[in-house]
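Enquirer: Quick one: the structure is below, and I'll ask about it shortly.
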């Protein structure tokens with residue numbers, strides 16, 4: 001495992017596989033090279049880098065959404081009648 005991915009897993013509490021599944025490791029590695037830990041955490045959880053959303057995928061794959069077990073608003077249609085169903089529980 002590379003150093004950035006290992007650090008990111010330690011800082012976020014998500015496994016390296018979970019972080020890889022976002023498809024953002026390479027993009028985030030390039031953005032966060034040499035950044036302080038708090039900025040790396042913010043990037044992973046919010047998908048925002050220094051006030052800018054680097055890609056649509058970054059917003060949709062923000063760990064904050066995964067931590068609460070929901071999709072990012074506007075990224076996935078819930079479907080008719082979905083308001084009657086309780087949100088699914090996160091594996092966390």
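Nothing in this text is a laboratory measurement; each read-out follows from the coordinates by a stated rule. Here the structure is a predicted model, which means the values were calculated and not measured. Cβ atoms come from the backbone with ideal geometry, glycine included; neighbour counts cover every protein chain shown.
Enquirer: Would you please classify the overall shape of the stretch 1-41 from the alpha carbon gyration tensor, given that a ≥ b ≥ c denote the square roots of the eigenvalues, rounded means a/c under 1.5, and beyond that prolate means a/b larger than b/c while oblate covers the rest? Walk me through the numbers before you get to the answer.
Expert: Working: a/c = 1.68, a/b = 1.24, b/c = 1.35.
The shape class here is oblate.
Enquirer: Additional query: Pop out the Kirkwood hydrodynamic radius of the chain from its pairwise C-alpha distances, inverse of mean 1/r, in Å to one decimal.
Expert: Across the chain, the inverse of the average 1/r is 14.0 Å.
Enquirer: Can I ask one more? For the chain, what is the calculated [θ] at 222 nm in deg cm²/dmol (nearest 500), taking -39500 (n - 2.57) for each run of four or more DSSP H residues and dividing by its residue count?
Expert: -12500 deg cm²/dmol
Enquirer: Taking a ≥ b ≥ c as the square roots of the eigenvalues of the Cα gyration tensor of the stretch 26-70, is the shape rounded (a/c under 1.5), prolate (a/b larger than b/c) or oblate? Present the calculation step by step, with values, prior to reporting the outcome.
Expert: On the way: a/c = 2.10, a/b = 1.52, b/c = 1.37.
Note, shape of the stretch 26-70 comes out prolate.
Enquirer: Determine, for 14, 80, the number of other Cβ atoms within 10 Å of each Cβ, and report the residues in order from fewest to most.
Expert: Working: 14 20, 80 7.
So the residues, fewest neighbours to most, are 80, 14.
Enquirer: Testing the spin-label approximation: label points 7 Å from Cα along Cα→Cβ at residue 55 and residue 70. State their distance in nm.
Expert: For residue 55 paired with residue 70, the spin-label model returns 2.5 nm.
Enquirer: Hey, with R₀ at 30 Å, roughly what FRET efficiency would residue 88 and residue 46 work out to, going by the Cβ-Cβ distance, to 0.05? Intermediate values should be presented prior to the final figure.
Expert: Numbers: r = 22 Å, r/R0 = 0.73.
Efficiency, from the Cβ-Cβ distance: 0.85.
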